[in-house]
Amino acid sequence: MHPIAEHRIDFLYPDGEMVPVRIRLGCPFVHPKGGWTCAVQAEGLRIWQGPSELFGEGSFHALVIGVRFLHRMLVAEIERGAVPHWEGGVEALEIDELFVLWRPKNH
């Protein structure tokens, strides 16, 4: 994977363990069998780590699918009781602050 973007988040799990999670988004590329793909990874998550290649109808579509997939995996971890924190673990992070495309409708 050749990441074009990455970010570190610390997750505090219900068992008290603080785990660093590095999310990565790869550069979309034409897959040898056709279509476009974008690799994603969330190293450190308990529910899923990847990397995985996600397919789209073009480079932009594959990229957006990759971003949405990463968002969904982080939300799934939160739904299981994990609390995300900005890197360093001091301040809690609302996941929508990181994924600004998914701001609550009342903002």
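What follows draws every value from the coordinates through simple rules; no lab data is involved. Note that the structure is predicted; figures quoted are calculated from it, not measured. Glycine also receives a Cβ, built like all others from the backbone with ideal geometry; neighbour counts cover every protein chain displayed.
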**Report entry** Average projected area [Cα convex hull, the chain], square nanometres
**Finding:** 7.3 nm²
Query raised in the report: So, in nm, how far is label Ile95 from label Glu43 when the simple model puts each one 7 Å beyond its Cα toward the Cβ?
Result: 2.1 nm
Query raised in the report: Taking Cα pairs under 8 Å and at least six residues apart, what relative contact order does the range 3-102 come out at, in percent?
Result: 25 percent
